[in-house]
Amino acid sequence: MLELGIKAPDFELPDQNGEVHKLSDYLGKKVILYFYPKDNTAGCTKQACGFSERYPQFTEKGAVILGVSKDSVASHKKFEEKYGINGGLTYVYGSR
């Protein structure tokens with residue numbers, strides 16, 4: 001786990017739409033980077049829906065939200081569609 005203020009390592013991962021994101025693409029922006037174990041689990045769904053419901057408040061502050069799990073791109077897309085997750089949230093496929 002990173003300590004507060006420690007720079008996160010760069011990564012390059014595809015999102016739920018197959019678009020590739022690099023953490024370094026967001027340099028200078030506020031990034032909410034959260035990790036979760038699996039799509040469609042109770043806790044993870046609650047967390048994602050919470051971010052989605054508050055998405056306008058985060059964007060007003062200039063923040064982007066990146067959720068990372070080891071689920072596939074297809075799984076992320078189904079998760080987004082099933083729960084009506086705000087299209088502004090980005091879920092990237094992390095293979096680690």
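Among the residues of the stretch 1-28, how many are free of Cβ contacts under 8 Å to residues at least 12 places away in the same chain and among the polar types (S, T, N, Q)?
The total comes to 0.
Residues of the stretch 11-54 being charged (D, E, K, R) and in contact with a Lys or Arg (Cβ under 6 Å, 6 or more places away or on another chain), which ones? Outline the logic, then answer.
Keep residues of the stretch 11-54 that are charged (D, E, K, R), which gives 12, 15, 19, 22, 25, 29-30, 38-39, 46, 53-54.
Within the stretch 11-54, just 12 meets the criteria.
For every residue, the table says whether it meets (1) at pLDDT below 90; (2) part of a strand (DSSP E or B); (3) among the polar types (S, T, N, Q); (4) over 13 Å from the mean Cα position of the chain (by Cα).
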residue: 1; (1), (2), (3), (4): yes, no, no, yes
residue: 7; (1), (2), (3), (4): yes, no, no, yes
residue: 18; (1), (2), (3), (4): yes, no, no, yes
residue: 38; (1), (2), (3), (4): no, no, no, no
residue: 43; (1), (2), (3), (4): no, no, no, yes
residue: 67; (1), (2), (3), (4): yes, yes, no, no
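I'd like the full set of residues that are of a type outside the set (A, V, I, L, M, F, W, C), surrounded by fewer than 13 Cβ atoms within 10 Å (Cβ to Cβ) and either in contact (Cβ under 8 Å) with a residue 24 or more places away in the chain or within 18 Å of residue 19 (Cβ to Cβ) (or both), limited to the stretch 54-83.
Passing the criteria: 61, 62, 81, 82.
The values are calculated or read from the model by the stated rules, or taken from the named source; none is laboratory data. These numbers come from a predicted model, not from an experiment. Every residue, glycine as well, gets a Cβ built from its backbone with ideal geometry; the counts of neighbours run over all protein chains shown.
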